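The values are calculated or read from the model by the stated rules, or taken from the named source; none is laboratory data. Keep in mind it's a predicted model, so treat the numbers as computed, not measured. Don't worry about glycine lacking a Cβ; one is built from the backbone with ideal geometry, like all the others, and counts go over all protein chains shown.
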């Protein structure tokens, strides 16, 4: 069995044929170019799917379907995208129906955080844990929870935005309506911004200076890791997952820094079951997006 | 159809026969007296059950089962109680098996917060909402979430302790390991303690003085309602419930005060679906404990 995974971001789209063990059989990658409009992107995606099918799928092999992880918000029930910030010309466009018609297979779309979490739960660092919470540290903070093998959804099937829980009193203002939320303190954007205020070129420069012993840089990172520890404490007392899976650009290079503080916070939490809540690093790496997307439509042990 | 509900607290035990519309058909209430040991309490409970059956259950009528809500923590899978603080002599005692044997019906035990939430979801203010989050303001802060008709559970079936999420930086220390958690700021105990520090006799005196315009008392309540608003913001961005149901002693008298601040906070949350997250008052009142407990074993539309 093979499934197609499509990972749609504001700058690039990746498409892969993914095997039943989560292995990438063939893949393509191209620029999203939202300025060219939705129809152009759709036709590039159709070519991309055909390409990975001819490269990665054996003749006569069954295709489970096409899974799509898209930079949110999306409407999984309608199959439409609502992301005026990064995909402005695609607003309310239906991506699911044309692909389902064209390829005559089930097509399912989720936001990229839910798709990545689905992949980690099935093939990656979340395997065997229930519930599982995934946090992705990138431009923003992505959040998803997998509970009894299902993507957790709130009212009207909506995706909770737990990147915007309070962490640091009187932190910088976030567009979410709060000051000092998790995303405003610990995302790549937040560390960039805090670094610039203190005269660093960007977040990378902050990490480098902190590693070299600069106390100003260390202070900025302290705030980010403390915010993360507070967010993880909060999520441990709400979703109470067996495992936190941390992923994203920041985590690739600095997992131990973020995890150490979070583990210390959890170890002090009297009301958590002792030693039962783990903090681990995501394991699917660059393939997380396409593998997660493909996992959405895989039949056996489907993450729903 | 009739079910028996047992509501066990540290000071009293209530037992009722509850009908299929959530109506109390007969009830008894007696002191818990944990100092007399578990066996004495068990035999008093058996008498109580017999009493409400003979008073409230028609001859030949089917008994759905016996549901128990107990001041937590409990182990729902094993049917045992682990509450050394309020039920010290009962620790690890099995209440479910002897009742199941004696009455030959299904018996199920949950902690009291989960039982009350089950009752509100089925017969009370939570009816028709999904997910539903219930917060009970009493000695502590009780929390429970009902998701797709099921009590939400974390790792190993454990009950999340969302009364202990962070709300006020540098608030008083809580036994949970955090400063300024929701329970440390907004529970009856917290308001009592803050009042005493400022020279009030107790929490009731704080509410009375605040109503009479005392600014010191108003300041104490501002902290409690702000903590509540922050907790509700946090839970709205994690569980994303359709409805928050607030109950407990404080809420009976001061619902509007707590709800107004929470609603204002939610209305400012850019990432919540507009107008979809409600804050309402629990409606089962004094019967919440026994009706909630009975609802655990009711067959139709069972809350699992």
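Here is a yes/no grid of residues against (1) in a helix (DSSP H, G or I); (2) surrounded by fewer than 17 Cβ atoms within 10 Å (Cβ to Cβ):
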site: B:196; (1), (2): yes, yes
site: B:216; (1), (2): yes, yes
site: B:220; (1), (2): yes, no
site: B:240; (1), (2): no, no
All conditions in (1) within 19 Å of the chain's Cα centre (by Cα); (2) outside any helix (DSSP H, G or I) are true of residue B:224 except (2)
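Take residue B:290 and decide whether it is part of a helix (DSSP H, G or I), modelled with pLDDT of 95 or more and out of contact with any strand residue (DSSP E or B) (no Cβ under 9 Å at 6 or more places or on another chain).
Details: part of a helix (DSSP H, G or I): yes; modelled with pLDDT of 95 or more: yes; out of contact with any strand residue (DSSP E or B) (no Cβ under 9 Å at 6 or more places or on another chain): no.
No; evaluated as a whole, the condition is false for this residue.
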Has the range A:255-275 got at least one residue that is in contact with a strand residue (DSSP E or B) (Cβ under 7 Å, 6 or more places away or on another chain), touching a residue at least 60 places away in the same chain (Cβ under 8 Å), under 15 Å from residue A:221 (Cβ atoms) and in the same structural domain as residue A:226 (by TED's automatic domain parsing)?
yes
Of all residues in the range A:293-304 being surrounded by fewer than 16 Cβ atoms within 10 Å (Cβ to Cβ) and touching a strand residue (DSSP E or B) at 6+ places or on another chain (Cβ under 8 Å), the one that is modelled with the lowest pLDDT
A:304
Would you please name the residue that is surrounded by the most Cβ atoms within 10 Å (Cβ to Cβ), looking only at residues in the range A:122-131 that are within 14 Å of chain B (Cβ to nearest Cβ) and farther than 18 Å from residue A:233 by Cβ?
A:126
Looking at residue A:178 and the list (1) more than 10 Å from every other protein chain (Cβ to nearest Cβ); (2) in contact (Cβ under 8 Å) with a residue 12 or more places away in the chain; (3) more than 17 Å from residue A:115 (Cβ to Cβ), which single condition is not satisfied?
(1)
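Residues checked against (1) over 30 Å from residue B:4 (Cβ atoms); (2) more than 14 Å from every other protein chain (Cβ to nearest Cβ):
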| site | (1), (2) |
| --- | --- |
| B:209 | yes, yes |
| B:219 | yes, yes |
| B:224 | yes, yes |
| B:230 | yes, no |
| B:238 | yes, no |
| B:253 | yes, yes |
| B:265 | yes, no |
| B:284 | no, yes |
| B:289 | no, yes |
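Output the number of residues of the range A:57-73 satisfying the condition of being modelled with pLDDT of 90 or more and on the phi < 0 side of the Ramachandran plot.
Taking the range A:57-73 first, the residues modelled with pLDDT of 90 or more are A:63-70.
So of that shortlist, the ones also on the phi < 0 side of the Ramachandran plot come out as A:63-64, A:66-70.
Summing the residues that are modelled with pLDDT of 90 or more and on the phi < 0 side of the Ramachandran plot in the range A:57-73 gives 7.
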Specify the residue that is farthest from the chain's Cα centre (by Cα); the eligible residues are those in the range B:118-135 that are more than 17 Å from residue B:290 (Cβ to Cβ) and assigned to a strand (DSSP E or B).
B:132
If we scan the range A:75-94, do we find a residue that is more than 17 Å from the chain's Cα centre (by Cα) and at pLDDT 95 or above?
no
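For the range A:222-253, give me each residue that is farther than 16 Å from residue A:126 by Cβ and modelled with pLDDT under 95. Before the answer, list the steps.
So the first thing to find is which residues in the range A:222-253 are farther than 16 Å from residue A:126 by Cβ, and the list is A:222-231, A:233-234, A:237-238, A:249-250, A:252-253.
Listed by number, the residues that qualify are A:249, A:250, A:252, A:253.
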Residue B:205 - would you say it is modelled with pLDDT of 95 or more and out of contact with any strand residue (DSSP E or B) (no Cβ under 8 Å at 6 or more places or on another chain)?
yes
Across the range B:162-175, what is the number of residues that are at pLDDT 95 or above and out of contact with any strand residue (DSSP E or B) (no Cβ under 7 Å at 6 or more places or on another chain)?
1
Restricting the search to the range A:141-175, which residues are surrounded by 24 or more Cβ atoms within 10 Å (Cβ to Cβ) and more than 10 Å from chain B (Cβ to nearest Cβ)?
A:141, A:142, A:144, A:146
Filter the range A:185-194 down to residues that are under 25 Å from residue A:160 (Cβ atoms) and in a helix (DSSP H, G or I) and give me whichever is farthest from the other protein chains (Cβ to nearest Cβ).
A:191
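For the range B:161-184, how many residues meet the condition of being assigned to a loop (DSSP other than H, G, I, E, B) and closer than 21 Å to residue A:171 by Cβ? I'd like the intermediate steps shown before the answer.
Narrowing the range B:161-184 to residues assigned to a loop (DSSP other than H, G, I, E, B): B:161, B:165, B:167-172, B:174-178, B:180.
Cutting the leftovers down to closer than 21 Å to residue A:171 by Cβ gives us B:165, B:167-171, B:178, B:180.
Residues that pass the stated criteria total 8.
Can you pull out every residue in the range B:5-16 that is farther than 13 Å from residue B:115 by Cα and either at pLDDT 95 or above or within 14 Å of the chain's Cα centre (by Cα) (or both)? Break it down stepwise before answering.
From the range B:5-16, those farther than 13 Å from residue B:115 by Cα are B:10-16; that's our starting set.
Within the range B:5-16, B:10, B:13, B:14, B:15, B:16 qualify.
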Failed item, numbered, when residue A:230 is tested on (1) part of a helix (DSSP H, G or I); (2) closer than 30 Å to residue B:143 by Cα; (3) without any contact (Cβ under 8 Å) to a residue 60 or more places away in the chain:
(3)
Test each condition in (1) more than 22 Å from residue A:186 (Cβ to Cβ); (2) buried (at least 24 other Cβ atoms within 10 Å of the Cβ); (3) within 14 Å of another protein chain (Cβ to nearest Cβ) for residue A:134 and report the one that comes out false.
(1)
Determine whether residue A:15 is touching a helix residue (DSSP H, G or I) at 6+ places or on another chain (Cβ under 9 Å), more than 13 Å from residue A:287 (Cβ to Cβ) and crowded, with 23+ Cβ neighbours inside 10 Å.
no
